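Beneath this line is the structure, given in structure tokens, with notes to follow.
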Ligand code: SME
């Protein structure tokens, strides 16, 4: 797979090229997790948590990075709050975020964006960084557009 650029400003364009609606969801999410890693600077972990409808729980999905927590109830940690409240969280310092779930002690900042389909959260995009304050409003805007594209795969 050849892309001219892995710049984050090209992410939406690149994802549109990358995804294939004729293959299983997990195959698309696996490649997207890598594309996210390539497209942002200082990424420690990038990937997905996916909703289990019955339990209102997020389970670990495709990702790049260190081993991670497998189960996050709605409302817990940054991912669980994003899923519960259907909103993006940009966290400049995870150590100051009450309830943050530390999967890796190396993580210092993160962004979590809900993936919403028919008004239900089907999963979240989670990107963690070793660097404090690694994500900003521009990243939020890009990733919310990405989440909208990904929602069409569910
Ligand atoms: N930091 C997240 C947990 C997921 S890992 O960082 C991969 C949270 O508090 O939701």
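The values are calculated or read from the model by the stated rules, or taken from the named source; none is laboratory data. The model shown is predicted, which means the values in this text are computed figures rather than measured ones. Note that we place each Cβ from the backbone using ideal geometry, even for glycine, and neighbour counts take in every protein chain shown.
Overview of results
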quantity: Residue in region 79-86 that is touching a helix residue (DSSP H, G or I) at 6+ places or on another chain (Cβ under 6 Å) and surrounded by fewer than 20 Cβ atoms within 10 Å (Cβ to Cβ) present; calculated: no
quantity: Residue within region 1-23 that is part of a helix (DSSP H, G or I) and out of contact with any helix residue (DSSP H, G or I) (no Cβ under 9 Å at 6 or more places or on another chain) present; calculated: yes
quantity: Restricting region 97-120 to residues that are more than 16 Å from residue 47 (Cβ to Cβ) and away from the ligand (no atom under 13 Å from the Cβ), the residue that is surrounded by the most Cβ atoms within 10 Å (Cβ to Cβ); calculated: 116
quantity: Options 80, 65; residue that is free of Cβ contacts under 8 Å to residues at least 60 places away in the same chain and within 15 Å of the chain's Cα centre (by Cα); calculated: 80
quantity: Single condition residue 151 does not satisfy, out of (1) in contact with a helix residue (DSSP H, G or I) (Cβ under 8 Å, 6 or more places away or on another chain); (2) surrounded by 16 or more Cβ atoms within 10 Å (Cβ to Cβ); (3) free of Cβ contacts under 8 Å to residues at least 40 places away in the same chain; calculated: (1)
quantity: Within region 35-62, considering residues that are under 12 Å from the mean Cα position of the chain (by Cα) and part of a helix (DSSP H, G or I), the one surrounded by the most Cβ atoms within 10 Å (Cβ to Cβ); calculated: 36
quantity: Count of residues meeting criterion [more than 13 Å from the ligand (Cβ to nearest atom) and in contact (Cβ under 8 Å) with a residue 12 or more places away in the chain] in region 22-49; calculated: 14
quantity: Residue 68, sole failed condition from (1) within 20 Å of residue 34 (Cα to Cα); (2) more than 10 Å from the ligand (Cβ to nearest atom); (3) in a loop (DSSP other than H, G, I, E, B); calculated: (2)
quantity: Residues of region 83-96 satisfying the condition of being in contact (Cβ under 8 Å) with a residue 40 or more places away in the chain and more than 11 Å from the ligand (Cβ to nearest atom); calculated: 88, 90, 92, 93
quantity: For residue 10: the one exception among (1) farther than 21 Å from residue 152 by Cα; (2) at pLDDT below 95; (3) surrounded by 14 or more Cβ atoms within 10 Å (Cβ to Cβ); calculated: (1)
